[in-house]
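Structure first, commentary second.
The values are calculated or read from the model by the stated rules, or taken from the named source; none is laboratory data. Treat the numbers as computed from the prediction; the structure is a model and nothing was measured. FYI the Cβ positions are ideal-geometry reconstructions off the backbone, even for glycines, and counts take in every protein chain you see. Side chains included, ligands, DNA and RNA excluded: accessible areas come from the protein's heavy atoms. Shrake-Rupley method; radii C 1.70, N 1.55, O 1.52, S 1.80 Å.
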Amino acid sequence: MKKLSTLLVLLFSFTMLMAQEKTEFVIINYRADIQMDMETILKSVPEQFRAQTKSMLKGEVEKGIVLNYTLKTNGKKSVYQLDAKLDNSQTQGGMIANQIKQADKDPMFKDLEKDLYMKAVKIPGFKDYLISDSLNTIKWEITREKSKILNFEVRKAIGKRDSIEVIAWFAPKLAIKDGPDRFTGLPGLILKAEFEQNGADMTITATQVDIKEEEINIDLPKGKTVTEEQFKKEMEEFAEKMKAMMGNGVDTQ
């Protein structure tokens, strides 16, 4: 009888472990905390407007900017999107927050099997773009350091994207190689990512993990695709063309 009880306990533990390892349908809420340096921001502002801009931005920068995102993933495809509804923790009405929200208004889709991300970008009065590029841009080094997030044991990994160092905390028992933004490729769902971007210190942390039994279907966007580099080049060319048109329209006589 004792051997039977031991066997049942082991069988139950194994079943629970396999259930955790086969997690496929998950919805994760993330909180993005953004800290920015005032002097860095002001360098991008024309000198004649800096005094006025500084007074407008000071409170927002000192408080810090908070935005919420949601990741829906089925282990093969996912969508990561800014939450339209604000909660009490989010910065409301700030210039910087509004710029970020405008830039992030379009959802980011990921095809994990093909290591691609896709983002449909609509520019009023101009073209509609489908930006698609590689996800596999970070080489991770997994450390021995461990912690806990939302009662999940997480492990620390360090990687680099371009020249930017990224620290990620992933949960091995949530066996999905996905995470916030474009962070993927670790043997477990990324619940926290810390990195620097455009002079801002970014920390994205999971606030809720909802494991679903029902399947999450995700339809990837379609359309003419460009890479991130091609999109950037076209935007620069468009800006130069608009600048030339405006210059030609001014009578300098």
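Spatially close Lys pairs in segment 162-253, defined by Cα atoms under 19 Å apart and a spacing of eight or more places or different chains, total 10.
Amide H to amide H distances under 5 Å link Val121 with Tyr129, Leu130, Ile131, where only residues 5 or more positions off or on other chains count and H is placed in the peptide plane. Here the Karplus relation 6.51 cos²θ - 1.76 cosθ + 1.60, evaluated at θ = phi - 60°, turns the backbone of segment 217-229 into coupling constants of 8, 10, 9, 6, x, 10, x, 5, 9, 9, 7, 4, 5 Hz, with x for every Gly and Pro.
Label separation (Glu214 vs Lys241): 4.6 nm, computed from points 7 Å beyond Cα along the C-beta direction. What whole-number value in Å² describes the accessible area per residue of segment 169-253 for a 1.4 Å probe? About 65 Å² of surface per residue is accessible. When Glu153, Glu234 are compared by accessible area at a 1.4 angstrom probe, the order from most to least is Glu153, Glu234.
What part of the accessible area of segment 127-253, given as a whole %, is carbon or sulfur when the probe is 1.4 angstrom? Of all accessible area on segment 127-253, carbon and sulfur atoms account for 46 percent. For segment 207-215, backbone phi angles converted through the Karplus equation (6.51, -1.76, 1.60; θ = phi - 60°) give residue-by-residue couplings of 10, 7, 10, 10, 7, 9, 8, 7, 5 Hz, Gly and Pro being listed as x. For segment 174-253, the equivalent ellipsoid built from the Cα gyration tensor has semi-axes of 42, 19, 12 Å, listed from largest to smallest. Around Tyr30, with a cut-off of 11 angstrom between Cβ atoms, what is the net charge of the other residues, counting Lys and Arg +1 and Asp and Glu -1? Spelling it out: positives minus negatives among the neighbours equals -1. May I ask you to derive the FRET efficiency for Glu229 and Lys173 from their Cβ-Cβ distance with R0 = 30 Å, giving the value to the nearest 0.05? Between Glu229 and Lys173 the formula returns 0.20.
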